[in-house]
Amino acid sequence: MIRLATKKDIKSIISIVDETIKYINSEEKGNWEYIYPNEHEAEKIIKSKRLFVYEIEGSKIAGFICMNNRVSDEYKEIGWSIKEDEFMVINTLAIDIKILRCGVATDLIKFAEEFAQENLAKAIRTEVYSLNKRAQKLLIKNGYEFKGEIYFKEIKDKKFYCYEKLI
């Protein structure tokens, strides 16, 4: 079941974030230190009703997704299909590494698309760390189109690939 996150979910969300960082660093040979959100950011996103969790077995959090309609300046460099503000952004999608390849990520992406449509968006955008091959394959499999690459000011040494899907 996918639902809005609550403050009670923060511990599980941060645990998934921490395990995802370890996974990227070991499996993808990355040198990663941070994935949005941290605990303070998670509280703010929960208040804005843009953080959703995938719950299994009654109360276990299997993954989460953060969405909004704000972009960083770096996004302006990309040749997006939709130029207006009629889009939503997947900021973070993370899954408990113990249950990868069980369809949770695909379900969260489909949920994001439905949520975006309900909020009158015409497209969904996201960016993926260039070494995260699994996430890139997932997006392509779900109909997302590669739109370009960016470097964020805060983490200049890491390249990100941008994707978009018209909905």
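Here, each number is a calculation from the coordinates, and none is a lab measurement. Because the structure is predicted, anything quoted here is derived from the model rather than measured. Here the Cβ positions follow ideal geometry from the backbone for every residue, glycine too, while neighbour counts run over all protein chains shown.
Along the axis of the charge dipole computed for the chain (Cβ charges of +1 for Lys and Arg, -1 for Asp and Glu, origin at the Cα centre), the listed residues 4, 102, 78 are led at the positive end by 102. Only the Cβ atoms of Lys and Arg (+1) and of Asp and Glu (-1) were treated as charged; on that basis the dipole of the chain about its Cα centre amounts to roughly 200 debye.
What's the Kirkwood radius of the chain in Å, using all Cα pairs? Intermediate values should be presented prior to the final figure.
Details: mean 1/r = 0.0619 Å⁻¹.
So the Kirkwood estimate lands at 16.1 Å.
What trypsin sites (Lys or Arg not before Pro) in region 87-116 are in a loop by DSSP, with at most 10 other Cβ atoms within 10 Å of the Cβ? Passing both the DSSP loop test and the Cβ count: 101.
At 7 Å along Cα-to-Cβ for each site, give me the label-to-label distance between residue 117 and residue 25 in nm. Computed distance between label sites residue 117 and residue 25 equals 4.0 nm. For residue 157 and residue 8, what does the FRET efficiency come to when R0 = 41 Å and r is the distance between their Cβ atoms, rounded to the nearest 0.05? FRET efficiency, residue 157 to residue 8: 0.70.
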